[in-house]
Amino acid sequence: MVLQCQDITKTFHEGKVATPVLRGASMHVDQGEVVALEGPSGSGKTTLLQILGCILSPTSGRVEIEDQDVSQLNARNLAMVRKRSLGFVFQQFNLFPALTVLENVEYALNLKGVVGKAAKAEAKALVDAVELSERGNYLPRDLSGGQKQRVAIARAMAAKPAAILADEPTANLDSQVGGQVLELFRNLARKENRGLLIVTHDPKVRGIADRVVNIKDGVIQS
Amino acid sequence: MVDLGLKTLLHDKTKFAITVAGVAFAVTLVLAQVGLFNGLLDNSDLSIRKCSADLWITSHNTANVDFPQRFPETIVERVRTVPGVSRADNLLFSYVNVALPSGASENAVVYALKDFKAWNLPWDIKDGQIEDLRRGRFLFLDEGARRRFGDFKTGDFREIQETRLRIVGQTRQAQSFTTNPISFMDYDLLASLQPEFLGGKTSYILVRLAAGTDVGTVRAEIQRRLPYQDVFTRDEWAKKSRDYWVVNTGIGMNAYLTVFLGCLVGLVVVGQTLYTSTMEHIKEFGTVKAIGGTNRDIYAILARQATVAAAVGFAFGLAMALSLKPLAEKIYLKLIMPVPFILLVGVGTVLMCLAAAMLSFRKVANIDPGLVFRS
């Protein structure tokens, strides 16, 4: 298993008010598996994604990334785990506007320790894989929403992370483009044998997922 | 490596221009202000450095070359008898009133000697023969006097201390810290223009030592024989004259204050621009953290931006300051910017910009990578 969590709870405190968001959530993602995490707004799915993505620490419970317990790691070590093992795709794309398509991917590789010609070659291969070879030197502002999300996917795959976590990757795309992006995403994940967790409202994700996990009120339903 | 810091900085060209302009303004302010101050300070001891005297004898506790106290001119005879002295002459220094053709009047500084050539005064003659000063009611006037006296040419007459004197030559670069124009005339002529004030008196005694003589020994002997005068080497007297303006007046403090304000302006402009830029790119920094970057990676981005802004701003600021130099010379002002000083300002600019960037460091240290999940 590339991602696994057991009995995760997460409570946010604001002043004296405690808001429990996750109440004993457990799930896993295997290598090469595509898992859709569905749930209504406020159900805790993005919080769970952030905990599995080593961005938030759980209040209690155990999180394992590539069989390493990361539940008690500090912020610096969590950053190391993200750098080594995880890739992210965001709803808002979050590309660097001053960097070209190729540079966006190359910069992610640089952060993960791949530099020089190796980084340039891998960035080009990833951009080719998401079928944006012709747009390599374009800035994000010159790309459509679907193209931006494909760049984000290429960036997430940089340096071959064990798992990719995607937060509503089709929310800002129209139905047709969203479908194409999901197809591409699934094919690449399968081809590269990556675990893929997609948090979504989009029913199309069900069509490409190997498994669907539902969450409601901070509890995994299935 | 992809240079995210540089590319982000250059991406918004307007903001980059504002940052660079802020730095350039601060650099120009510091360079020009200190350069002008250096120019004035250079004037404060210029005549001492240019004069070939090894020792200067002054009245006791004379503050600087521009404010001499008079003492009996016969003292020079006692100096001439000191072993190791090859020559000693009286130098009169005074302020005279100059009536201008416009009806206004101004002051001028006068250096008066019997033999100017013997002491390398004046040091830069534009036209005329300095020996002519002994032949009548003549004077040499520095070309910089035009700023105060209006235009004049060699051969013109000017009324000085109510006496018509003819300008028989002009000098260059003879300027005083007090900004009074400098003139040169014969010793006896100046004494006759201010008889009650200068009659039988001198302002300084210039001393030249015989070859191979020990300066310290001769100086000590003169000092022993003249207990009511002070004896300085050329360097000591130059330093005393210069330090007077820097330490004893508010002018030095004023210059340092301007430098401080220049740095403060630069710091605030750069700090504010970098901080605003950081806030605008906060989500990008969050993304850097989310995909595995650390605070160190983000500090490096901010430091890179600050360094580039400093380098470009410094280059523009230096160019502006250098372009002011010929303009200053047109109005007989000197802008002196030695290379070590320019390098110091360059290093200071980088440090200033890095300090400004540190205002943003605290902000980015607390960036929550989770913010990239918020729409």
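Observations
- Placing +1 on each Lys and Arg Cβ and -1 on each Asp and Glu Cβ, with no other charges, gives the protein assembly as shown a dipole about its Cα centre of roughly 200 debye.
- Choice from A:Gly145, A:Gly116, A:Gly39 with maximal GNM fluctuation in chain A (Cα, 10 Å cutoff): A:Gly116
- Simple label model, 7 Å out from Cα along Cβ direction - B:Ser105 to A:His13, nm: 8.6 nm
- Computed over the stretch A:94-171, the ratio Rg/Rh where both radii use C-alpha atoms and Rh is Kirkwood: 0.93
- Shape index of chain B: Rg/Rh, with Rg the Cα radius of gyration and Rh the Kirkwood radius from the inverse mean 1/r over Cα pairs, equals 1.19.
- In range of the label at B:Thr154: residues from the stretch B:86-130 whose backbone nitrogen is under 18 Å from the point 7 Å along Cα→Cβ: B:116-117, B:121-130
- Within the shell of other residues whose beta carbon sits under 12 angstrom from the beta carbon of B:Asp156, the net charge comes to +3, with Lys and Arg scored +1 and Asp and Glu -1.
- Annotation for the stretch B:197-213 versus the stretch B:274-312: alpha-carbon center distance of 67 Å.
- Fluctuation leader among B:Ser176, B:Ser59, B:Ser102 - chain B, Gaussian network, Cα springs under 10 angstrom: B:Ser102
- Within-11-Å neighbourhood charge of B:Ile298 [Cβ basis; K, R +1; D, E -1]: +2
- Cα-centred dipole magnitude for chain B, charges only on beta-carbon of K, R (+1) and D, E (-1), debye, nearest 20: 600 debye
- Only aspartates and glutamates eight or more places from B:Lys13 in sequence, or on another chain, were considered; those with a Cα closer than 19 Å are A:Asp142, B:Asp3, B:Glu280, B:Glu284.
- Near B:Asp89, once Lys and Arg are set to +1 and Asp and Glu to -1 for all other residues with Cβ below 12 Å from its Cβ, the sum equals +2.
- Taken about its Cα centre, the stretch A:70-211 carries a charge dipole of about 540 debye when Lys and Arg each add +1 at the Cβ and Asp and Glu each add -1 at the Cβ.
- Cα gyration tensor category, rounded, prolate or oblate, for the stretch B:246-336 with a/c compared to 1.5: prolate
- Carbon + sulfur, % of accessible area of the stretch A:6-91 - ligands and nucleic acids excluded, 1.4 Å: 46 percent
- Rolling a 1.4 Å probe over the heavy atoms of the protein chains gives the stretch B:61-227 an accessible area of 45 Å² per residue.
- Straightening the chain between B:Thr233 and B:Val215 buys 5.7 nm, computed as 0.36 nm per residue apart minus the Cα-Cα spacing.
- Charge dipole (the stretch A:68-203, unit charges on Cβ, about Cα centre) - positive-most of A:Leu139, A:Gln91, A:Gly116: A:Gly116
- Solvent-free Debye scattering, log10 I(q)/I(0), computed from the Cα coordinates of the protein assembly as shown at q = 0.05, 0.06, 0.10, 0.11 Å⁻¹: -0.45, -0.55, -0.86, -0.99
- Each of B:Leu226, B:Phe197, B:Phe71 was scored by the projection of its Cα onto the charge dipole of the stretch B:61-227, and the greatest displacement toward the positive side belongs to B:Leu226; charges sit on the C-beta of Lys, Arg, Asp and Glu.
- Applying a DSSP loop filter and a limit of 13 other Cβ atoms within 10 Å to the trypsin sites (Lys or Arg not before Pro) in the stretch B:318-375 leaves B:Arg374.
- DSSP bridge orientation in the stretch B:61-227 - percent antiparallel, rounded to nearest 5: 70 percent
- Links that overshoot a 19 Å alpha carbon limit, given the list A:Lys216/B:Lys283; A:Lys117/A:Lys160; A:Lys148/B:Lys283; B:Lys283/B:Lys363: A:Lys216/B:Lys283
- Whichever lysines have a C-alpha closer than 19 Å to that of B:Lys114, once near sequence neighbours (fewer than 8 apart) are set aside: B:Lys50, B:Lys201
- Evaluated at q = 0.13, 0.21 Å⁻¹, the base-10 log of the normalised Debye intensity for the stretch A:141-222, with identical point scatterers placed on the Cα atoms, takes the values -0.41, -1.01.
- Chymotrypsin sites (Phe, Trp or Tyr not before Pro) within the stretch B:147-240, DSSP loop, no more than 14 other Cβ atoms inside 10 Å: B:Tyr228
- Using a simple spin-label model with pseudo-atoms 7 Å out from Cα toward Cβ, B:Asn120 and A:Gln31 lie 8.6 nm apart.
- Extension gain for the segment B:Lys50 to B:Asn248, taken as residue separation times 0.36 nm less the Cα-Cα distance, is 68.9 nm to one decimal.
- The interface between chain A and chain B buries about 2400 Å² of solvent-accessible area in total (1.4 Å probe, ligands and nucleic acids excluded).
- Whole-angstrom gap from the stretch A:67-99 to the stretch B:338-352, using each part's C-alpha centre: 41 Å
- The spacing between the stretch A:139-172 and the stretch B:89-146, judged by their C-alpha centroids, is 82 Å.
- For the pair B:Ile331 and B:Asn366, a Förster radius of 41 Å applied to the C-beta separation gives a FRET efficiency near 0.15, rounded to the nearest 0.05.
- For the stretch B:61-227, the Kirkwood hydrodynamic radius comes to 16.8 Å, computed from all pairs of different C-alpha atoms.
- Taking the protein heavy atoms of the stretch B:185-251 in the context of the full set of protein chains, the accessible area attributed to carbon and sulfur is 53 percent at 1.4 Å.
The values are calculated or read from the model by the stated rules, or taken from the named source; none is laboratory data. Quantities reported herein were computed from a predicted structural model and do not represent experimental measurements. Cβ atoms come from the backbone with ideal geometry, glycine included; neighbour counts cover every protein chain shown. Surface accessibility is based on the protein's heavy atoms, side chains included, excluding ligands, DNA and RNA. Shrake-Rupley method; radii C 1.70, N 1.55, O 1.52, S 1.80 Å.
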